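Written out below as structure tokens is the structure these notes cover.
The values are calculated or read from the model by the stated rules, or taken from the named source; none is laboratory data. Since this is a predicted model, take the numbers as computed values, not measurements. Every residue, glycine as well, gets a Cβ built from its backbone with ideal geometry; the counts of neighbours run over all protein chains shown. SASA here: full protein model, heavy atoms, side chains in, ligands and nucleic acids out. Shrake-Rupley method; radii C 1.70, N 1.55, O 1.52, S 1.80 Å.
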Amino acid sequence: MDIWCALMLSEDKKNIKPEVLRVSKELSGLRLDKYIRYYISGIKQSHLEKIIGSGGIRVNKKKVKPNCILNFNQLVSIPPGLKEQNFETYSKPKFIPLKKDIELIRSSKIYEDENIIALNKPSGLPVQGGTKVHRHIDGLMMNSFDHIQKHYLLHRLDKDTSGLVVIARKNGFRNHIAKQFQNREVEKKYLAVIKGEIIGSLIIDKPIARDRQNRTKMKVDESGREAISEAISLESFGRW
């Protein structure tokens, strides 16, 4: 149980009186959670919501929600000693790109004009970041090209897939191309080495969806989206 929740539940037994704050004119109109953060820096939002939700923090002795708007002269009671509690402030570590990554992005550029820049994405490099993923094309763009102040991803490729990634330099052009992707007016071609043998051409007309067992992969699924792929054999190396 949260230490402040436990403290307030046992308040009557220990006769510990809460600290009372009176809302000033300057701070009236604030949400309760923002009002508390004005006095207590570093406290996590999730921690604060637990205290308010348990009734540890009240307005005019009434239990309220974190988004309660405060009025002038209202009384806000908080657990004793909460203001003096030291909360560790957390700041997201800033990612500093390596020189070799910047050189990799620069060397991957194959085309650029006033509207777009096209990169030949290498295998193993994600297009976008995520949980514990700091090294990605989206984050390396502005560090790699000084003349590009803003950029907009138009599509993505899987981390392990190499190929063309087109990035818009203007928001208006991004919207124009995004509609083409949405309307399926963009033709995509992939070159792959596969195990097995394709004789002539092959059309795969099967719906696909994200694999429920492995969210990083896609699989054929009748409940998925329509997907039609045409495969043409360019060269055969015999059976493996």
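In the set Arg184, Arg135, Arg169, which member is in contact with a helix residue (DSSP H, G or I) (Cβ under 7 Å, 6 or more places away or on another chain) and of a type in the set (Lys, Arg)?
Matching residue, one of Arg184, Arg135, Arg169: Arg135.
The conditions are (1) modelled with pLDDT under 90; (2) surrounded by 13 or more Cβ atoms within 10 Å (Cβ to Cβ); (3) over 16 Å from Ala118 (Cβ atoms), and Phe181 fails exactly one of them. Which is it?
(3)
Quick check: anything in the stretch 120-132 surrounded by 13 or more Cβ atoms within 10 Å (Cβ to Cβ), hydrophobic (A, V, I, L, M, F, W, C) and on the phi < 0 side of the Ramachandran plot?
yes
Between Gly42, Gly55, which is modelled with pLDDT under 85, part of a loop (DSSP other than H, G, I, E, B) and on the phi > 0 side of the Ramachandran plot?
From the options Gly42, Gly55, the qualifying one is Gly42.
One residue is enough: does the stretch 64-71 have a residue meeting the conditions touching a Ser or Thr at 6+ places or on another chain (Cβ under 9 Å), open to solvent by less than 40 Å² (accessible area, probe 1.4 Å), more than 30 Å from Ala178 (Cα to Cα) and assigned to a loop (DSSP other than H, G, I, E, B)?
Yes: one or more hits.
Give the stretch 217-233 a look and list any residue that's in a loop (DSSP other than H, G, I, E, B) and in contact (Cβ under 8 Å) with a residue 12 or more places away in the chain, or say none.
Answer for the stretch 217-233, where residues must be in a loop (DSSP other than H, G, I, E, B) and in contact (Cβ under 8 Å) with a residue 12 or more places away in the chain: Asp221, Glu222, Ser223, Gly224, Glu226, Ala227, Ser233.
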